[in-house]
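Novice: The structure that follows is given in the form of structure tokens.
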Amino acid sequence: PARGYCVSANVGMGPTNADYVLLLNSDTILTPGALEKMVLLMESEGSIGIVGPMSNAASTQSVPDVKNTATQTAVNTLPAGLSVEFMVAQCADWALTGLHPSAPLVHGFCQLIRRAVLETIGGFDEEAFPQGYGEENDLCFRAVDAGFDLKVATNAYVFHVKSASYTDSERRRTLMQNGAAKLREKHSEVRLARAVRAMEGHPLLVRMRERAQDLYCQLEAGAAGA
């Protein structure tokens, strides 16, 4: 029987003694070089505990849009003629060399986690988030509280189909609401709102979104004039 995402993830992370663990959703395309870039960023500073990439669908790590709907976080469909490989190259070009934003949250669709984080704070909270939705934010908050830095590798891009595991929008809405309520209960509404604002307004992430928006607009204008 299904044991829930958090239990499964914790079981999967348990046996290894590797320096880093990569949690990656099944509905993703791990693009060439993305993992290597995240590892390089992780290895650049011993205090970095969790690293994530840019994406088309990863909340505030998304480009170009980060706006949510009632049942879904941001999903940016690639315009016609724009490939995942091209977006990989674009993110590498747009990112500022050696500058990657510290973040209060790293989206759970793709998280590179330092083993020391798990040894210090443990894994996901299975009791509070049995089916997921909120567990990665809770892990991030606990990692920050333990003194770890969190980073977004703006030069890495991982494509995310988004919520292939939950096609029932009502069930997804319920899980999102329950997870958000438990997250607020554990860490407060104020902290959660402050974290989201920090991600939405971070200059390096805003830069990436603006570059992507310009690209999308150029493609749309070209298609309209064709």
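The values are calculated or read from the model by the stated rules, or taken from the named source; none is laboratory data. Nothing here was measured: the structure is a model prediction, and the numbers come from that model. Neighbour counts run over all protein chains shown; Cβ positions are idealised from the backbone, glycine included. Accessible surface is based on the protein model in full, side chains and every heavy atom, while ligands, DNA and RNA are left aside. Shrake-Rupley method; radii C 1.70, N 1.55, O 1.52, S 1.80 Å.
Novice: Can you pull the percent of region 25-182's accessible area that's carbon plus sulfur, 1.4 Å probe, other chains left in place?
Specialist: 51 percent
Novice: Mind listing which GluC sites (Glu not before Pro) in region 1-64 are in a DSSP loop and have 15 or fewer other Cβ atoms within 10 Å?
Specialist: Glu45
Novice: Build a GNM of the chain with springs between Cα atoms under 10 Å: which of Leu24, Leu112, Leu205 gets the top mean-square fluctuation?
Specialist: Leu24
Novice: Among Gly81, Ala195, Gly46, whose Cα projects farthest towards the positive end of the dipole of the chain, with charges put on the beta-carbon of Lys, Arg (+1) and Asp, Glu (-1)?
Specialist: The one lying farthest along the dipole's positive direction is Ala195.
Novice: At a temperature of 25 °C and a viscosity of 0.890 mPa s, determine how fast region 137-226 diffuses translationally according to Stokes-Einstein, using the Kirkwood radius over alpha-carbon pairs as Rh; express D in µm²/s, rounded to the nearest whole number.
Specialist: Estimated diffusion coefficient is 149 µm²/s.
Novice: Enter the angle in degrees (range 0 to 90, nearest 10) between the Cα long axis of helix 189-201 and the first principal axis of the Cα atoms of the chain, meaning the one along which they spread out most.
Specialist: Around 30 degrees separate the two axes.
Novice: Assign one of three labels to region 68-163, namely rounded, prolate or oblate, based on the Cα gyration tensor with a ≥ b ≥ c the square roots of its eigenvalues; rounded applies when a/c is under 1.5, prolate when it is not and a/b is larger than b/c, and oblate otherwise.
Specialist: Verdict is oblate for region 68-163.
Novice: With every protein chain kept in place and ligands, DNA and RNA left out, what is the accessible area per residue of region 77-157? Probe 1.4 Å, answer in Å².
Specialist: Heavy-atom accessible area per residue stands at 38 Å².
Novice: Let me ask you something else. For the chain, what mean projected area does the convex hull of the alpha carbons give, in nm²? The partial results should precede the final answer.
Specialist: On the way: hull surface 50.8 nm².
Seen from a random direction, the Cα hull of the chain projects 12.7 nm² on average.
Novice: Run the numbers for Ile29 and Ala193: contour at 0.36 nm per residue of separation, minus the present Cα-Cα distance, in nm.
Specialist: Numbers: separation 164, 0.36 × 164 = 59.04 nm, distance 2.97 nm.
Going from the current span to full extension adds 56.1 nm.
Novice: Using a simple charge model, +1 on the beta-carbon of Lys and Arg, -1 on the beta-carbon of Asp and Glu, nothing else, what dipole does the chain show about its Cα centre, in debye to the nearest 20? Kindly include the intermediate steps, with their values, before the conclusion.
Specialist: On the way: 20 positive and 25 negative charges, 73 e Å.
So the dipole magnitude of the chain works out to roughly 360 debye.
Novice: A follow-up question, please. If r is the Cβ-Cβ distance from Val206 to Val7 and R0 is 30 Å, what FRET efficiency results, to the nearest 0.05?
Specialist: 0.20
Novice: Full-extension gain between Ser83 and Ala18, please, as 0.36 nm times their residue separation minus the C-alpha to C-alpha distance.
Specialist: Here the segment from Ser83 to Ala18 would lengthen by 20.1 nm.
Novice: A further question on this structure: Rounded, prolate or oblate: pick one for region 1-117, where a ≥ b ≥ c are the square roots of the eigenvalues of its C-alpha gyration tensor, a/c under 1.5 means rounded, and failing that, prolate if a/b is larger than b/c, else oblate.
Specialist: The shape class here is oblate.
Novice: Scan the chain and report its longest stretch carrying no trypsin sites (Lys or Arg not before Pro) that are both in a DSSP loop and have at most 14 other Cβ atoms within 10 Å. Before the final figure, lay out the partial values.
Specialist: Numbers: sites that count: Arg3, Lys67.
In the chain, the maximal stretch lacking such sites is 68-226.
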